[in-house]
Amino acid sequence: MAAELDLLLTIFGETLDEFFTYETQEVLDGVNERNNCGRMAVYMQRVADAYGLKGYFADTEYNRKQNGRIKTILDRKAKVVTINCDLILHSRGQNTAQDNLIAIEVKKREARDEDKENDRERLRALTKTTYDDVWSYDGVILPEHVCGYILGVYIELNRQHRVCLIEYYRSGEKYEERNLIF
């Protein structure tokens, strides 16, 4: 099933709404981002199921690909880099036509700029469909390196000002940015 971007944006939006409805105090208290992502995964799974995305899973820190191998991407220099993403919505390799739907990276405002940029670079790589035409994700055979996420989202939580920066990525590029007050 090829999921449409609009559907994924709706699922992400409703996930974030539920997250901030129930978890704002934890964000304000400075709870670790892994906990934030774990809670967000609970809401994302519920919302995805409600929209009929059966066979897809909201997983945190998931680092496996086909045959149980470690997930990798190619960085801008075509160097193989092992990865795990904070939160993903995917079929765990079971739907070769469209395995990867949403990749989310979460950072606190006070995190190091280098770490923030690494997350953004990871989202660029995860949302690419090809690497310099050397290989591509054809929807039949899963690629050697993880790619093909329809939607990438970078979230930066500023608890002091109760603002959430959201950057959206697709096809290897950031295409939109907005702020959400929580």
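The values are calculated or read from the model by the stated rules, or taken from the named source; none is laboratory data. Every value quoted in this text rests on a predicted model; they were computed, and no experiment measured them. As a convention, Cβ positions derive from the backbone with ideal geometry for all residues, glycine included, and neighbour counts pool all protein chains shown.
Summary table
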read-out: Pairs with Cβ under 6 Å, 6+ apart, first in region 101-126 and touching a residue at least 40 places away in the same chain (Cβ under 8 Å) and under 19 Å from Ser171 (Cα atoms), second among the hydroxyl-bearing types (Ser, Thr, Tyr) and surrounded by 15 or more Cβ atoms within 10 Å (Cβ to Cβ); value: Ala103/Tyr149; Glu105/Tyr154; Arg120/Tyr154; Leu123/Tyr154; Leu123/Tyr169; Leu126/Tyr149
read-out: Of all residues in region 55-77 being in a loop (DSSP other than H, G, I, E, B) and more than 17 Å from Glu14 (Cβ to Cβ), the one that is modelled with the highest pLDDT; value: Gly55
read-out: Cβ-Cβ under 9 Å pairs, at least 6 apart or on other chains, region 166-178 side crowded, with 16+ Cβ neighbours inside 10 Å and assigned to a strand (DSSP E or B), far side among the small types (Gly, Ala, Ser) and modelled with pLDDT under 95; value: none
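Here's the yes/no breakdown for (1) closer than 15 Å to Tyr149 by Cα; (2) in a loop (DSSP other than H, G, I, E, B); (3) at pLDDT below 95; (4) touching a strand residue (DSSP E or B) at 6+ places or on another chain (Cβ under 8 Å):
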position: Glu14; (1), (2), (3), (4): no, no, no, no
position: Glu26; (1), (2), (3), (4): no, no, no, no
position: Val31; (1), (2), (3), (4): no, yes, no, no
position: Cys37; (1), (2), (3), (4): no, no, no, yes
position: Ala41; (1), (2), (3), (4): no, no, no, yes
position: Gln45; (1), (2), (3), (4): no, no, no, yes
position: Leu87; (1), (2), (3), (4): yes, no, no, yes
position: Asn95; (1), (2), (3), (4): yes, yes, yes, no
position: Lys116; (1), (2), (3), (4): no, no, no, yes
